[in-house]
Amino acid sequence: MVVFLRDLLRYRAEFRIGLVLVALVLLLSVLASFSPYSPDSVYVVPPDLPPSLTYWFGTTSRGQDVFWQLSFAIRNTLLFGGTVALVSRLVALAVGLVSGYKGGWVDRALMSVNDTFIVIPLLPILVLFYFVMRDRISWLMLALIMACFGWAYDARLIRSVVMSLRQREFTQTSLFSGMSTRQILTEEHLPYVVPILFSTTMNNMVWSIGLEVTLAVLGFTDINTPTIGGMIYWANQHTAMVAGIWWWIAFPTIAVIMAFIGLFLLAVSVNAQIDPRSRLWSSGEAT
Amino acid sequence: MRRISALLLAACVLGSLLSAAVEPSHAQGIPQNIPRKDLLILENPEGTVKNAGWFNIWVINASSQSNGLQQVALDTLWYIDPESGLDGVWDNSLAADKPQYNADFTEMTAKLRSGIFWSDGVEFTADDVVATVMTQIMNPAMRFSAVLASNVASVEAPDPHTVVFKLKKPNSRFHTNFTVRWGAVWILPKHVFDKVEDPVKFDFNKPVSLGAYVLHSYDPDGKWYIWQLRDDWQRTTLARFGKPGPKYLAYVDPGPPDKRVIAQLNHELDVIHDIAPEGMFALAKQSKTTRAWFKGFPYGHPDPTLPAVIFNTQNENFKNPDVRWALALLIDIKAVAMAAYRGAATISAIGVPPTGTHPAAYHAPLEDWLKSFEIDTGKRKIKPYDPTVGKQIADMLRPSMGEQIPTDPAEIAKAFGRGWWKTDPVTAQELLEKAGFSKRGGTWVTPDGKPFTVRVMVEGDLRPVMTRAGTMIVQLWKQAGIDAKIDVAQGTLPTRRAAGDFDTFIGWSVETLGGHPDLSYFLDSWHSQFVAEPGKPQPLRNWQRWSSPALDKIIEEIRTVGFDDPKSTELGKDYVKLAVKEMPTIPLMAYNVFTAMDQTYWTGFPTAENPYTNPVPNWGNSRYMFVRLKPAS
Amino acid sequence: MSGYAGYVGRRLAQFLLVVFIGINIAYVVTHASPIDPVEQSISAVTSFGNTAPDAIDQMRNSLRELYGLGGTPVQQYLTFWKRILRADFGPSLSAFPTPVGTLIERALPWTAGLLTVSTLIAWVLGNLLGGLAGYYRQSRGLKLMGVIAMGLHPIPYYILAMLLLILFGFIWPVLPISGGATMNLPQSLTPEFVWSVLQHAILPALSLILIGVGSWFLGMRSLVSNVIAEDYVVYAELAGVKSWRILTSYVMRNALVPQVTGLAMSLGGIFNGAVITEKVFGYPGLGSLLVDAVYAGDYGLVLGVTTISILGVSVGVLAIDLLYPLLDPRVKVS
């Protein structure tokens, strides 16, 4: 493992860059615990100041320090996206593997459930949830609800890959050697599915965070918990874009982009290192 | 190499397509084939109209009202101006004279003008008024059915220019239903609706106008409506004031607030209905031709509406006026004005909006009473009123805003308001303790031993300024040890407000006529006869569900007094004093609407220096603006 | 092919079941909404007028009758289904008495047009770039393009849309930023109108494409990285087949199949509308119709748009499931 990581660091520029980016973002979210201001207090600093040495990222129209506000926001947003991604991956994996491999009525039953989740349009349901739950809705609840809707699409994707794997020779071989379904799924098929899982995790996180921002722009946000969507919501309420308070919007956006490019580079370089062919290619290049 | 050349080819094709598509967007956001110098473009705050081809305003909720329909196409008996009016506050529009009541207010007679014609050539007569009333009484689900059916016993037209209403019960303010303060009961054309089988299903497309403009064209997707000046505009009531300047009017949906600012900077939007204060400041800074109601700070036009913290007085915690007073004394109105309006607010300590003629009729005369008003905390008596708060706000803003802030005390009082309650946490504590509350370890606890929780309901995105005010108030109360929370009721506020499903909310239960001191427009609905049981829906406007025998007496007396009788103003002052003592709501400030007017193509807009009407474009009264607008040259 | 015919039959049954369940769920959730369309109508009428409080009760009853909200919940449910089977969604409660169908009809062409084109362009572009990037691993240019595509993808859509608007509508005002077509231009199939529609669609489409390319790119890239490890690809490379040929005939053809699944579902999903696009660019469409309907508690309109959306996505998924065995010969239908 240590050798693996050392090789990654030495040979893969993407891994290094990705690591730096992700580390910066994580550092920012950890710093939130040291914030001199409570996340929901307003008018604690002079409003609308551009970035300077005292206020590194400037201040908002609500008299908050953008740097500290962002540290809370990026932490909450990443936790949110991570939770959604984790829960929905587990469900998608389980459903996709079983459904794709078993086929028959198990497949049909699971796919009917899956399809029902795919076809229900998400936005009106979320908006209605907000109306019904009102102040009881917390980001955790929202994350779970979005996870409920986020597994269906990817389960289908995994299922289609497994369906074609099922017909392959090595599957037949494993079956004849007496491996159980569970063994086949985890030991033979899973490695093929893992790269897809990675990329769908990224997609899923981007999707859930994007949906959170959409809801925030429409006004459905828990304004007591700062998130990236929440910051954009308030920036809108104060028409920050035309008022020239660009730093209120730019820095959260940059933080999100950094987080995702970082994760992307990490995933890509780890994937490439795992695959022996490309590892040989790049080692050859480096020496 | 083939792939690179393929990609290059694709890029070239795309690029050439794009460059063919671009042209100066100057001509993109405005109508074709209409000379810009004859066109006035205004914002329709209703946004994109869902059912664009529907012009039957008499059906509830079927379509748009402020797409120009009520402003320039329709007309009714009287108009009352929220400002000073072109020729006085009261305008006899379709009526020739003021309403005549009999001695006990059970009969109202209106004499009508002659020589007014509908746009299809038919003359306006008293039959139209009768048809308006009877059609809606006979079809109970129309817009004005309920109010007409509950008031009118019979209506007749003894001659083509006289209408006589016999009322079911005495009502000295029945005429206000036909008096435009934003909107009113609009007159419908008898000759059109007679031919219609079911008025509720009739779309009235193309509308027949009684006002000075007719429909020119409209967008089936509901984003714009264009109206054209009638050739026979002299045969309308607006003609008394001259020929309207703009030949064409376009009411459009300009999109989110950022876009409205951009549109006006591009000179593609002449009148913005409302934007956030920051947007207004940005416009004022970047555009030399933009003009708001006030020349400088605070820019916005104070509507005759009074945002306040409205308590649900049926709620156990808020039954005691001492608790309400304590919460009021914990509010720092300067901070709230800064949070909500960036300071561009006109504050008011009393339950009457500080706009129109009210400062002269109520705020100024009551100033002395307010200064000497005392409350008893149980331990001592104090005078909570601070007359200098308006000036303090002005002083606070002067360093950053410079000469935009007036220095003359009279100007400051007009722009920022007079005084408000001192921020006094010590007195607040004494009042809460008097009410049986106690402080345990920094947080307040009710007499029942439960933590004192207050939820402040706001409307979120739909009313951003109110949301900002609410957030600040929550913070101030939290700092005092009260468990205060903000509760965003996006979209559900009207339902929850009516149901009483809230602790407090930021909204208004006070709306007045503006130009006239009579308060019954809202005050009548505060009578205890209309207060609903807890759990039942409350009709407007007494959202705080406050009943008081003293208030009932005042209201009943006003009902017996004529509309223009100065006694009703005196009774109004009695209401103000009672509301100060009881504090059923905490009045904050006037509802400032940041209407921005671009003078690139048109000049002559109403302003604070020349307040001849209300420029806010969705008001029916804004039609008086059109006769004063001249092309800028 | 009787195996396939049986498969089609079973799949169709599944399709009908899913649509039925979906519409029921939509019905239940809509009616569970705390927003009462009658109260919304009343508050819309009375917030700006002087209406006597005792008149409101009368209005409430009349409206309830008019909107057909009388009767028990079971009766309402049955009426709803009777109507749906005749493709009649009833009147819209927030724009009474216009039928829901009329409102949807007006908004649908705009949404369908814009989203179909943007989805297709994003799909083609994303898969092309993703395939190239996955195959030509070492190419710096493609890696950079990948990073740009991935960089655009997580930008909150609203920010990107506003940036484009400010850039092309204000700083360098060369493209229209509002509406579906030029104001005051009659809606007919004249070249003038068509050209205006295309012009007005550029910015909304551009914003959707920029955001959409990233996810297709990422998916294709990883699928391709899977495929190039396959024996037949290695064999082809060793056999000296041109790399461009390997890319198109061997790699992409196989990697593309799951992406086609995604495309069909995305196309089905366009009936959801793109709310933020419509809000920012003032573009007419289903998205804002739906959100406004939810605010107004307009059951009929919410159910109408939701049903169309459910049908759209279901048909998309059905089409894919029926075509998939035909596309990938390795998949046998049991």
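Miscellaneous remarks
- In the range A:216-269, residue farthest from C:G146 (Cα to Cα) [restricted to those that are assigned to a helix (DSSP H, G or I) and of a type in the set (F, W, Y)]: A:W234
- Here the condition is being facing chain B (nearest Cβ under 8 Å), closer than 24 Å to C:V117 by Cβ and either more than 24 Å from the chain's Cα centre (by Cα) or not in a loop (DSSP other than H, G, I, E, B) (or both); of C:L160, C:L206, C:L218, C:L185, it holds for C:L185 alone.
- Residue count for the range A:162-191 under the criterion of being surrounded by fewer than 17 Cβ atoms within 10 Å (Cβ to Cβ) and within 8 Å of another protein chain (Cβ to nearest Cβ): the result is 2.
- Residue list for the range C:256-310, restricted to those being without any contact (Cβ under 8 Å) to a residue 40 or more places away in the chain and away from chain B (no Cβ under 11 Å): C:P258, C:N272, C:V275, C:L290
- Of the residues making up the range B:256-290, those that are more than 18 Å from B:L629 (Cα to Cα), more than 8 Å from every other protein chain (Cβ to nearest Cβ) and part of a loop (DSSP other than H, G, I, E, B) are B:D274, B:S287, B:K288.
- Qualifying positions in the range C:156-205 - under 30 Å from A:I257 (Cβ atoms) and hydroxyl-bearing (S, T, Y): C:Y157, C:Y158, C:S178
- Taking each residue of the range C:20-33 that is more than 7 Å from chain A (Cβ to nearest Cβ) and farther than 21 Å from B:T492 by Cβ and looking for partners that are of a type in the set (V, I, T) and part of a helix (DSSP H, G or I) with beta-carbon atoms closer than 7 Å, six or more apart or interchain, yields C:I23/C:T307; C:I23/C:I310.
Per-residue answers, yes or no, for (1) among the acidic types (D, E); (2) within 13 Å of chain C (Cβ to nearest Cβ); (3) in contact (Cβ under 8 Å) with a residue 12 or more places away in the chain; (4) surrounded by 20 or more Cβ atoms within 10 Å (Cβ to Cβ):
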residue: B:V196; (1), (2), (3), (4): no, no, no, no
residue: B:F202; (1), (2), (3), (4): no, yes, yes, no
residue: B:N205; (1), (2), (3), (4): no, yes, yes, no
residue: B:A212; (1), (2), (3), (4): no, no, yes, yes
residue: B:H216; (1), (2), (3), (4): no, yes, yes, no
residue: B:D221; (1), (2), (3), (4): yes, yes, yes, yes
residue: B:Y225; (1), (2), (3), (4): no, yes, yes, yes
residue: B:D231; (1), (2), (3), (4): yes, no, no, no
residue: B:R235; (1), (2), (3), (4): no, no, yes, no
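- Failed item in (1) of a type in the set (S, T, Y); (2) at pLDDT 80 or above; (3) surrounded by fewer than 20 Cβ atoms within 10 Å (Cβ to Cβ), with A:T116 passing the rest: (3)
- Helices (runs of 4 or more DSSP H) contained entirely in the range C:226-323, each with at least 2 residues that are over 30 Å from A:N236 (Cα atoms), touching a strand residue (DSSP E or B) at 6+ places or on another chain (Cβ under 9 Å) and not hydrophobic (A, V, I, L, M, F, W, C): none
Let's see how each residue does on (1) over 13 Å from B:F55 (Cα atoms); (2) modelled with pLDDT of 95 or more:
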{"residue": "B:V163", "(1), (2)": "yes, yes"}
{"residue": "B:P170", "(1), (2)": "yes, no"}
{"residue": "B:T179", "(1), (2)": "yes, no"}
{"residue": "B:V185", "(1), (2)": "yes, no"}
{"residue": "B:D194", "(1), (2)": "yes, no"}
{"residue": "B:V200", "(1), (2)": "no, no"}
{"residue": "B:D203", "(1), (2)": "no, no"}
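- Residue match in the range B:76-85 (condition: within 22 Å of the chain's Cα centre (by Cα), at positive phi and crowded, with 22+ Cβ neighbours inside 10 Å): no
- Residue identified as loosely packed, with under 15 Cβ neighbours inside 10 Å and in a helix (DSSP H, G or I) among A:L5, A:L21, A:L26, A:L31: A:L5
- At least 1 residues being of a type in the set (D, E), modelled with pLDDT of 90 or more and out of contact with any Leu (no Cβ under 8 Å at 6 or more places or on another chain) is the threshold, and among the helices (runs of 4 or more DSSP H) wholly inside the range B:534-633 those reaching it are B:549-560, B:566-582.
- Restricting the range A:217-237 to residues that are closer than 18 Å to A:G63 by Cα and free of Cβ contacts under 8 Å to residues at least 24 places away in the same chain, the residue that is nearest to the other protein chains (Cβ to nearest Cβ): A:Q237
- Residue list for the range C:95-106, filter: surrounded by fewer than 24 Cβ atoms within 10 Å (Cβ to Cβ), in contact with a helix residue (DSSP H, G or I) (Cβ under 8 Å, 6 or more places away or on another chain) and modelled with pLDDT of 80 or more: C:G101, C:I104
- A:V213 meets the conditions (1) buried (at least 24 other Cβ atoms within 10 Å of the Cβ); (2) touching a residue at least 60 places away in the same chain (Cβ under 8 Å); (3) assigned to a helix (DSSP H, G or I) in every case but one. The failed one is (2).
- The sole residue among B:N61, B:N67 that is modelled with pLDDT under 75, touching a Phe, Trp or Tyr at 6+ places or on another chain (Cβ under 7 Å) and under 27 Å from B:D198 (Cα atoms) is B:N61.
- Only a single item in (1) within 14 Å of chain B (Cβ to nearest Cβ); (2) crowded, with 22+ Cβ neighbours inside 10 Å; (3) over 19 Å from C:L128 (Cα atoms) is not met by C:V313, and it is number (1).
- Residue ID - surrounded by the most Cβ atoms within 10 Å (Cβ to Cβ), chosen from residues in the range B:310-338 that are in contact with a Gly (Cβ under 8 Å, 6 or more places away or on another chain) and under 20 Å from B:A498 (Cβ atoms): B:I310
- Just one of (1) in contact with a Gly (Cβ under 9 Å, 6 or more places away or on another chain); (2) within 14 Å of chain C (Cβ to nearest Cβ) fails for B:W293. It is (2).
The values are calculated or read from the model by the stated rules, or taken from the named source; none is laboratory data. Remember, it's a predicted structure, so these values are computed and weren't measured experimentally. Neighbour counts run over all protein chains shown; Cβ positions are idealised from the backbone, glycine included.
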